[in-house]
Amino acid sequence: MRSTIHRCHSCFSRFVHTRSFASASRRSVLRQDVSRLPVHQFPIAKASDTRVYVWGMAATGALGMQTSVKKQAQVFTDFVQHPSRLSFAEGHAVSDVAAGYGFTVYVVNRENETQLWGTGINTDGQLGIQKAPGPHKKPLELLIYPAPIDLSAAKMQPRQRIVRVAAGRAHVLALTEEGAVLAMGNNAYGQCGRKIVPDEDYFRNPVVNSVQLEEPVRAIECGQDHSLMLTESGRVFSCGWSDDGQAGQGRYGLIDTPGPAEGDLKGEQIVKVSSSCDTILAVNAKGELFGWGNSEYGQLGDVAQDNPQINTPRHLSFTKECGKIVDIAAGGSYCLILNEHGDVFSWGYGILGFGPEVQHRPAPTRIPPALFGRNEFNPHAKVISIACGITHCAAINDQHDMYMWGHNRYACLGLGHKNDQFFPLKVALNARVQKVTCGVDHTVTLCRAFV
């Protein structure tokens, strides 16, 4: 028995020694082989790296995910349920983004200039002249991947930089570093700030209009078919469709010449305006709220008790209990505000963030902060920005996590399904969200990498 164990032990020792020698030989050969292989350098994520994630309706091309019609036909999908990292943004330095009705526009920095790029629906020339490759060169009504927008007709100054972009139903505004505004796309209601031309062909003969105001502009906003421009001194100028009073100039109808929206705004320093449909909110430097436009669902409170269409800006006193307001978002039938403590309030009609049983609130009501990440382990968490489309909402907290709720048209909430979401729910994104923009049925986020 003892000799058997000794023989087994000796065999095992020789086996281990042989295996060790063989392994060492293979490692030596492997090191020699590896030394002859080419070295590839992969970029390391930096805090300044930009990422773009898209989701929602894909059939319009607004997501810009496909690089060829053939590839799109092979893997065609109507919608994308989860946030998808956009390959276009990996090779282009995107600094701003706006989601319109079935299209998306990007501001791209390139060496000594900036450019506008667009993808999606282009039936009204909102993305400029886009021609298909080949000898026929027919103009395209739909793009499936971002392409540069020709702004040469605007006669921009050399090296003039675009810093912001906004998108409506079928028009686009772009803001330059010097405070000039460029407008393109559908002008049937004067939303591009130029004279309305009956039967104008916006698709085949797109016009880039340079909007002239009394002073430089520092912020732009597109409603459904109207435009809002905020100047350096805090004045609001508007143009476009105003049957619900959206222009805020004291009259209804079509307004093709940009003019000031005054009323209760006169003398106020406005710091932000918001409108995704036909209701407008504005907030001044003191954190007070103003509103005008459509109030059929109580968006403007008591000031619209006698007339649900307000054509002059009014001070909305029903928000005084909410504290100082630092951000605003006006949806189709509801509104959101954010106070300096990071609390979100909603009111109006729709999915307001309070569950399936609550469809209407006549006055601003706080959404429980725990739904945005505030808890015992993170007691100081707060929301830092809000946004909305016509029927869906988003909020970003100080950890740069994003939460969404509302109607989930074509999975525009990015939650992995198409069911409506009645409470704010965190979206799974492998990045720090800096900005979110909501179209009518798709969503785009501008993010920074985790480091």
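The values are calculated or read from the model by the stated rules, or taken from the named source; none is laboratory data. Everything numeric in this text was worked out from a predicted model, so none of it was measured. With ideal geometry, Cβ positions are generated from the backbone for all residues, glycine too; neighbour counts draw on all protein chains shown. Heavy atoms of the whole protein, side chains included, go into the accessibility calculation; ligands, DNA and RNA do not. Shrake-Rupley method; radii C 1.70, N 1.55, O 1.52, S 1.80 Å.
Rounded to the nearest 20 debye, what is the charge dipole size of the chain about its Cα centre when +1 sits on each Lys and Arg Cβ and -1 on each Asp and Glu Cβ?
Values: 44 positive and 41 negative charges, 682 e Å.
In total the dipole reaches around 3280 debye.
Size check on the stretch 98-189: the Cα extents along the three principal axes, sorted descending, read 37, 32, 20 Å. With an a/c value of 1.5 or above and a/b larger than b/c for the gyration tensor axes a ≥ b ≥ c computed over the alpha-carbon atoms, the stretch 374-422 is described as prolate. One chain, two ends: THR77 and LYS131. Fully extended at 0.36 nm per residue, the span grows by 17.0 nm beyond their Cα-Cα distance.
Length gained on full extension, ASN205 to HIS380: 57.7 nm, using 0.36 nm per residue less the C-alpha separation. Taking each residue as 0.36 nm, the span from GLU215 to ASP243 lengthens on full extension beyond its C-alpha to C-alpha distance by 7.4 nm.
Beyond 22 Å in Cα-Cα separation lie the following of the pairs LYS382/LYS426; LYS195/LYS266; LYS324/LYS382; LYS286/LYS382: LYS195/LYS266.
Give the ranking of TYR334, TYR101 by solvent-accessible surface, highest area first, calculated with a 1.4 Å probe. Spell out each step's value before the answer.
Values: TYR334 10, TYR101 45 Å².
Per-residue accessible area, sorted high to low, gives TYR101, TYR334.
Return the whole-Å distance between the Cα centroid of the stretch 376-426 and the Cα centroid of the stretch 289-368. Measuring centre to centre over Cα atoms gives 18 Å.
For the stretch 274-303, list residues with backbone N below 11 Å from a point placed 7 Å from the Cα of HIS360 toward its Cβ? So the set is 297-298.
Here's the list of aspartates and glutamates a cross-link from LYS131 could span, going by alpha-carbon distance under 13 Å and ignoring same-chain residues fewer than 8 apart: GLU141, ASP150.
For the stretch 352-426, which chymotrypsin sites (Phe, Trp or Tyr not before Pro) pass both filters: DSSP loop (anything but H, G, I, E, B) and at most 16 other C-beta atoms within 10 Å? Mind showing how you got there, number by number?
Details: sites: PHE354, PHE372, PHE377, TYR403, TRP405, TYR410, PHE422; in loops: PHE354, PHE377.
Hits after loop and neighbour filter: PHE377.
Seen from a random direction on average, the alpha-carbon convex hull of the stretch 216-367 projects onto 8.2 square nanometres.
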